[in-house]
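*Asks:* Before I ask anything, let me first share the structure, which is written out below as structure tokens.
The values are calculated or read from the model by the stated rules, or taken from the named source; none is laboratory data. Because the structure is a prediction, the values reported are computed rather than measured. Here the Cβ positions follow ideal geometry from the backbone for every residue, glycine too, while neighbour counts run over all protein chains shown.
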């Protein structure tokens, strides 16, 4: 991509009502556009990040047997009435609408009910189980107050996987696999070292659920971490009884602020009972299907990465999810510099190395450097009159202070070794 052709531009200012670091940097960098409070559009650079995060999640879900579908956003009230989740007094985040014939519909905030209903057509015998189904789908939640930039919004993308098992034992086996898959996801997007499996309230479903909490000074949650075994307890359930039941020692727990980036729940037979999802056992008995729910928001994860990895100059994207691996800067108006920059760009493209080429004219070197820091690509490669007096090319990692002078051959080897 030539930056001169990129329709988005960086900004020096952001809306005054945006308080979070992720919103400020993503808006300034042109990754997102704010429509209204809690609603954002994803522009080319932002969509690239989002797609890469989704692909990592998809790979990990497929690896544990997940099958991908896409369900509808419009929801049939009759299903939700059966589970007692249509009433606004019970669930206060519904967006509801009506058809022209006055039939009431909802916009889905989660999808346990519709998928359970779908699976009634495909699960009837023990031979049909276990089964794991997931989707990436836009959810709608009528939050009283949207906050934390892209991390708490009213319209957002969610990966929700639902497991269907014969019994609790079979469910628990998959539940443990899902924990490992989630740990792989957070490691691959660059925040695994800051993310902890956290015991939290299971609500009406089970004693505990498990959250994945990323330590962040601006986090909304308070967790207590046992650093010896890398587990944590959410403040909402952290009392002496819980600490004891988990085999933890209170004096070894460290309090931290954190942001939730994923969660997994045991649902049991809550939805299969209400919607009559059953299967016939080998002995011919009829039993309810045992279910679980596993959620992660790609955009929320994107915001968390920005929050915890950015510095005072801008975003620092891990290579796995960066829009481009290399930000190539051509500095000055000398013809030999321009020609060399074009040659390097063409060479990187032929090697299938993702590169954003700042070929813009009339922009000072200082502005180009500042924008490169803001946009946060893993490698900054500079072609200038000064670099050409040395080996020809200057390369610097985004999170390093100083770069090095290399030849084109050395550049290609360096980028290949860090692929």
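*Asks:* Can you tell me which residues in the stretch 360-387 are surrounded by 18 or more Cβ atoms within 10 Å (Cβ to Cβ) and under 14 Å from residue 341 (Cα atoms)?
*Replies:* The answer is 380, 381, 382, 383, 384, 387.
*Asks:* Can I ask one more? Yes or no: the stretch 72-86 includes at least one residue that is without any contact (Cβ under 8 Å) to a residue 12 or more places away in the chain and closer than 16 Å to residue 146 by Cβ.
*Replies:* No, the conditions are met nowhere in the stretch 72-86.
*Asks:* Which one of the conditions (1) under 19 Å from residue 370 (Cα atoms); (2) at pLDDT below 95; (3) in the same structural domain as residue 218 (by TED's automatic domain parsing) does residue 14 fail to meet, given that it meets all the rest?
*Replies:* (3)
*Asks:* Here's something else I'd like to know. Sort through 94, 80 and tell me the only one that's surrounded by 15 or more Cβ atoms within 10 Å (Cβ to Cβ), out of contact with any helix residue (DSSP H, G or I) (no Cβ under 6 Å at 6 or more places or on another chain) and modelled with pLDDT of 95 or more.
*Replies:* 94
*Asks:* While we're on this one: Applying the selection to the stretch 124-169, what residues are assigned to a helix (DSSP H, G or I) and in contact with a strand residue (DSSP E or B) (Cβ under 7 Å, 6 or more places away or on another chain)?
*Replies:* Scanning the stretch 124-169 gives 126, 128, 150, 151, 168.
*Asks:* Just to be sure, is residue 407 free of Cβ contacts under 8 Å to residues at least 40 places away in the same chain and surrounded by 12 or more Cβ atoms within 10 Å (Cβ to Cβ)?
*Replies:* Yes.
*Asks:* I want to confirm something. Restricting to the stretch 36-60 and keeping residues that are more than 21 Å from residue 314 (Cβ to Cβ) and touching a helix residue (DSSP H, G or I) at 6+ places or on another chain (Cβ under 8 Å), which single residue is surrounded by the most Cβ atoms within 10 Å (Cβ to Cβ)?
*Replies:* 57
*Asks:* Related question: Would the stretch 203-213 turn up any residue that is surrounded by fewer than 21 Cβ atoms within 10 Å (Cβ to Cβ), farther than 23 Å from residue 161 by Cα and touching a helix residue (DSSP H, G or I) at 6+ places or on another chain (Cβ under 7 Å)?
*Replies:* Checked against the condition, which is being surrounded by fewer than 21 Cβ atoms within 10 Å (Cβ to Cβ), farther than 23 Å from residue 161 by Cα and touching a helix residue (DSSP H, G or I) at 6+ places or on another chain (Cβ under 7 Å), the stretch 203-213 yields no hits at all.
*Asks:* Would you confirm, using the coordinates I've provided, whether residue 175 is within 30 Å of residue 24 (Cβ to Cβ), in a helix (DSSP H, G or I), out of contact with any helix residue (DSSP H, G or I) (no Cβ under 7 Å at 6 or more places or on another chain) and touching a residue at least 24 places away in the same chain (Cβ under 8 Å)?
*Replies:* So residue 175 fails the test.
*Asks:* Here's another thing I want to ask about it. With buried (at least 22 other Cβ atoms within 10 Å of the Cβ), in contact with a helix residue (DSSP H, G or I) (Cβ under 7 Å, 6 or more places away or on another chain) and not assigned by TED's automatic domain parsing to the domain that holds residue 164 as the only criterion, which of 353, 393, 296, 316 stands out?
*Replies:* Exactly one of 353, 393, 296, 316 is buried (at least 22 other Cβ atoms within 10 Å of the Cβ), in contact with a helix residue (DSSP H, G or I) (Cβ under 7 Å, 6 or more places away or on another chain) and not assigned by TED's automatic domain parsing to the domain that holds residue 164, namely 393.
*Asks:* While we're on this one: Any residue at all in the stretch 14-35 that is closer than 21 Å to residue 216 by Cβ, surrounded by fewer than 17 Cβ atoms within 10 Å (Cβ to Cβ) and in contact (Cβ under 8 Å) with a residue 60 or more places away in the chain?
*Replies:* Checked the stretch 14-35: at least one residue is closer than 21 Å to residue 216 by Cβ, surrounded by fewer than 17 Cβ atoms within 10 Å (Cβ to Cβ) and in contact (Cβ under 8 Å) with a residue 60 or more places away in the chain.
*Asks:* Here's another thing I want to ask about it. Looking only at residues that are out of contact with any strand residue (DSSP E or B) (no Cβ under 6 Å at 6 or more places or on another chain) and part of a loop (DSSP other than H, G, I, E, B) in the stretch 282-301, which one is nearest to residue 66 (Cα to Cα)?
*Replies:* Restricting to residues being out of contact with any strand residue (DSSP E or B) (no Cβ under 6 Å at 6 or more places or on another chain) and part of a loop (DSSP other than H, G, I, E, B), the top hit is 282.
*Asks:* Can you pull out the helices (runs of 4 or more DSSP H) entirely within the stretch 316-419 that have at least 3 residues that are closer than 25 Å to residue 56 by Cβ?
*Replies:* Hits in the stretch 316-419: 365-375, 408-417.
*Asks:* Given the criteria free of Cβ contacts under 8 Å to residues at least 12 places away in the same chain and closer than 18 Å to residue 374 by Cα, does residue 346 qualify?
*Replies:* So residue 346 fails the test.
*Asks:* Could you tell me which residue of the stretch 241-273 is nearest to residue 222 (Cα to Cα), considering only residues that are in contact (Cβ under 8 Å) with a residue 60 or more places away in the chain, assigned to a helix (DSSP H, G or I) and in contact with a strand residue (DSSP E or B) (Cβ under 7 Å, 6 or more places away or on another chain)?
*Replies:* Result: 271.
*Asks:* Taking the conditions exactly as written (more than 16 Å from the chain's Cα centre (by Cα) and touching a residue at least 40 places away in the same chain (Cβ under 8 Å)), does residue 133 satisfy them or not?
*Replies:* Answer is yes for this residue.
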